[in-house]
Amino acid sequence: MRIRRILIAVCAVPLIASHARAAQQCKPVVGSFEAQVVVTGCASPVGLCTAGRVWGGIQGNYEFTMSSAAPNGEPEVPTILFFTGHSKVTLKSGDVVLGTDTGVIDLPPGNGGFASLITFKGGTGTMANATGQIRLRGDFDPVAGTTSGDYLGTVCTAN
């Protein structure tokens, strides 16, 4: 009898996980972004925050706070750093989607390119249980204090 209960429990886990995924509606998103470096009020422990706008499949205002930056370990490209951070998008509706940002950036005197992956995990309103990921690629101009680029990915929300 005990083995039977264990088998039922083990078999139920994938079904529950499958049902949880089925309860979400996912949509592909493609778009662009632009932002300015934020100096006043930046809470980043490494000193880099940006704020701007995002349009396309996700539309609203965007904020990014870098949490960490680490050398890549290759002396041939010393200006390239790995980073982590947190992103917040306030949609036109007023709902917010939150994400963890991971990526790589080429800081001055490098070329300023970057690529990152934002993994969404919750928010407010219709985005309270949001999941998904977007991939960003862009340019960082330290003289102008701007970033710009495009994104591609998926955002999932509860039905």
Residue under question is residue 150, and the condition is that it be in contact with a Lys or Arg (Cβ under 9 Å, 6 or more places away or on another chain), surrounded by 14 or more Cβ atoms within 10 Å (Cβ to Cβ), part of a strand (DSSP E or B) and modelled with pLDDT of 95 or more; does it hold?
yes
Could you please find all residues in the stretch 97-126 being surrounded by fewer than 20 Cβ atoms within 10 Å (Cβ to Cβ), more than 17 Å from residue 147 (Cβ to Cβ) and hydrophobic (A, V, I, L, M, F, W, C)?
98
Can you confirm whether the stretch 114-134 contains a residue that is more than 19 Å from residue 154 (Cα to Cα) and not hydrophobic (A, V, I, L, M, F, W, C)?
no
Right, residue 90: among the hydroxyl-bearing types (Ser, Thr, Tyr), within 19 Å of residue 42 (Cα to Cα) and in contact (Cβ under 8 Å) with a residue 24 or more places away in the chain or not?
yes
Pair list, Cβ < 9 Å and 6+ apart or interchain, from the stretch 107-126 residues that are on the phi > 0 side of the Ramachandran plot to residues that are hydroxyl-bearing (Ser, Thr, Tyr) and assigned to a strand (DSSP E or B):
112/147; 122/131
Restricting to the stretch 97-147, and then to whatever is outside any strand (DSSP E or B) and among the small types (Gly, Ala, Ser), can you tell me which residue is farthest from residue 57 (Cα to Cα)?
110
Can you pull out the residues in the stretch 56-73 that are surrounded by 16 or more Cβ atoms within 10 Å (Cβ to Cβ) and part of a strand (DSSP E or B)?
60, 62, 63, 64, 65, 66, 67, 69
Output the residue which, of all residues in the stretch 46-55 that are closer than 12 Å to residue 92 by Cα and not aromatic (Phe, Trp, Tyr), is surrounded by the fewest Cβ atoms within 10 Å (Cβ to Cβ).
53
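The values are calculated or read from the model by the stated rules, or taken from the named source; none is laboratory data. What you are looking at is a predicted structure, and each value in this text was computed from that prediction instead of being measured. As a convention, Cβ positions derive from the backbone with ideal geometry for all residues, glycine included, and neighbour counts pool all protein chains shown.
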